[in-house]
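The values are calculated or read from the model by the stated rules, or taken from the named source; none is laboratory data. None of these values were measured; they are calculated from a predicted model. Please note: Cβ atoms are built from the backbone with ideal geometry, for glycine as well, and neighbour counts cover all protein chains shown. When the accessible area is computed, the model is the full protein with side chains, heavy atoms only, and any ligands, DNA or RNA have been set aside. Shrake-Rupley method; radii C 1.70, N 1.55, O 1.52, S 1.80 Å.
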Amino acid sequence: MHTITPIFRSVLRPIPSASPSWSRQCTYVAPRRFATTISQTKPRSKIRRRGYLLAAGTVGLVGASALGWHDGQHFINAAERALRVARGLALCINDYRTTLKLLEDDPDDSHGLLAKCHKRCAERTYYVLEKNGSIFIKLGQHLAAMGYLLPLEWTTTFIPLQDRCPVSSIESIRKMILDDTGHSVDDLFETFDPVPIGAASLAQVHRATLKENGQEVAVKLQHPALAEWIPLDMALTRFTFTNIKWFFPEYPMTWLSDEMEASLPLELNFEVEAENIHRVREYFGHIKQDLPLVVPDVIWAKKRILVLEFIPGKRLDDLEFLDSNGISRGEVSASLACIFNEMVFGTNAPLHCDPHGGNLAIRLNPNRRKRFEIILYDHGLYRDIPQDLRRSYAKLWLAVIDSDLDKMKRYAHEVAGVTDEQFPLFASAITGRDYTVLTKSVTTPRSEEEKREISTAMTKGMLAQLIQLLADVPSTILLILKTNDLTRSLEENLETGRGPERTFMIMARYCSRAVYEETLEAITRGGGLLRAGNLAAWVAALWDYWRVIFKLRAFETALSVRERLGIQA
């Protein structure tokens, strides 16, 4: 412990107290987007006391991690992990406090100080996440996908974590298979490639053939080392977000650690993932619409081992593959929209909450009308959306598409308890668009200027208000937001050269169907079509539904004609 103590002292010395302001609040004022004000100085003694408690908390975490472990090396490694987190946290807290103090004299941030601070802190955090590995990689991947929340400097810095995943040794994999099944690799598989074909933060996948029938399979295996570090790493994650909230009350991000604590046990249980796969295959197997979705079937599952049928494919954004095989980028984008809108708005549909680029693939299938199939992998994180929430969310999107502000506000309150004051920010978060665009038409393409405006607004004070908003909304809405943002990113990566009009029209069809089904249920409960007023309600709902369908079909027919004539959309 003597070798650790000097490091501990240097890293966790009390943070300098000569910092008046360390946060910025913002208020929406039409027609400007978000103005900023500076909060008051915290008492010097309180900042110092919090610095000491940060250090004490780190000591407590290291000590707690050693309980139940008699291996001295484990204690040393645990201390290194905890101190690495504490050092990065302390440096970032101090950096933001110092930068925000400087901005008191330059409220317009003419030198871009806050953006530079974002970048420095993102790079420090990236180092900690990469060095610690385990669920920290998962956390970094999650943060990289939160373009609706974090400044660009953070999300772009974390992008490499999508490909920086650990690979467990074949020896540890063989031992885990033996421990969990009672059989060796050679007992179960005729062939087993020792080099994984893919690796993620929680697991890696090996190609193999079954001993019993020679079927080619993909074997998903949890990293054996995760069991040793997950309790400490989850405690460190909560410790980090708790301290961010403590030092910067305007940035309550403990909902992130809350969500990880709720989701991670499910993602680490591959028997739960197997159940999710059965559910999604059964659901899409019974819907009338023929969607080009393929989900690999489960052969067998244990808590840390999942054996699936082997279905390879190319990355969804492999544009060279799409173009060389005559696969329409626009049709791929439309199919993605149909699949995930079905999950969000379909009655009793299971929602896949992690559709990033690594969890989707595409393969050529000349027998299908569209010549392709979309393969969906990694089914560990699913949510069921309550029916009332699903339908209110559908009405919210119909209001967004129609640019109906009054209905937008009404259903935003039903969906997430959003107040009128919070509404402009919430509307921007769910759509990824500037609020002023929503009052005109959300179906127009996002310009580079609009993207810059959103990024600038985040840098200049919108962040605190957005984080506070997200801390108040239901966790299911947070996962829907994440799914929206990931699918929006996938569609943009396809570079169709078209605007989002078709995507929003597809969404409107699913939303209208959800509202129509609600009307039918209400009519049934209210005595049927012959009851006074019910027939008129049914006709109105049916008209709204088919109006959207006719409009979409006309639009798609026009697109098809233009493509055949070689006319650019």
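Listing for the model above:
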read-out	value
Single residue of the range 264-289 satisfying the filter (part of a helix (DSSP H, G or I) and hydrophobic (A, V, I, L, M, F, W, C)) that is farthest from V85 (Cα to Cα)	F284
Members of the range 97-142 found to be open to solvent by less than 30 Å² (accessible area, probe 1.4 Å), in a helix (DSSP H, G or I) and among the polar types (S, T, N, Q), listed by number	T99, N132, Q141
Which numbered condition I311 misses (of (1) among the β-branched types (V, I, T); (2) modelled with pLDDT under 95; (3) part of a loop (DSSP other than H, G, I, E, B))	(2)
Meets criteria (over 16 Å from K482 (Cα atoms) and touching a residue at least 60 places away in the same chain (Cβ under 8 Å)) for F345	no
Near pairs, Cβ below 6 angstrom, 6+ apart or cross-chain, from the range 189-217 (over 21 Å from K314 (Cβ atoms)) to any residue that is open to solvent by 40 Å² or more (accessible area, probe 1.4 Å) and basic (K, R)	F189/K211; E190/K211
Those residues of the range 394-428 which are of a type in the set (G, A, S) and either crowded, with 24+ Cβ neighbours inside 10 Å or farther than 24 Å from R446 by Cα (or both), in sequence order	A394, A412, A416, G417, A427
Pair list, Cβ under 6 Å, 6 or more apart: the range 161-182 residue under 16 Å from K303 (Cβ atoms), other residue surrounded by 15 or more Cβ atoms within 10 Å (Cβ to Cβ) and among the basic types (K, R)	D180/K302; D180/R304
Pairs, first over 16 Å from N365 (Cα atoms) in the range 324-338, second in a loop (DSSP other than H, G, I, E, B), C-beta under 6 Å, six or more apart	G330/T496; S333/L494; S333/T496; C338/L291
The range 309-320 residues that are more than 18 Å from P355 (Cα to Cα), paired with ones that are part of a strand (DSSP E or B) and open to solvent by 50 Å² or more (accessible area, probe 1.4 Å) (beta carbon under 6 Å, 6 or more apart)	F310/E216
Unmet requirement for I506, which otherwise passes all of (1) farther than 30 Å from L319 by Cα; (2) in contact with a Leu (Cβ under 8 Å, 6 or more places away or on another chain); (3) not polar (S, T, N, Q)	(1)
Subset of the range 149-163 [part of a loop (DSSP other than H, G, I, E, B) and open to solvent by less than 50 Å² (accessible area, probe 1.4 Å)]	L149, L150, P151
Count - residues of the range 350-368 that are in a loop (DSSP other than H, G, I, E, B) and either without any contact (Cβ under 8 Å) to a residue 60 or more places away in the chain or within 24 Å of S263 (Cα to Cα) (or both)	6
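Every residue, every condition in (1) in contact with an Asp or Glu (Cβ under 7 Å, 6 or more places away or on another chain); (2) surrounded by fewer than 18 Cβ atoms within 10 Å (Cβ to Cβ); (3) of a type outside the set (A, V, I, L, M), yes or no:
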residue: Q465; (1), (2), (3): no, no, yes
residue: L470; (1), (2), (3): no, no, no
residue: L481; (1), (2), (3): no, no, no
residue: E491; (1), (2), (3): no, no, yes
residue: T503; (1), (2), (3): yes, no, yes
residue: I506; (1), (2), (3): no, no, no
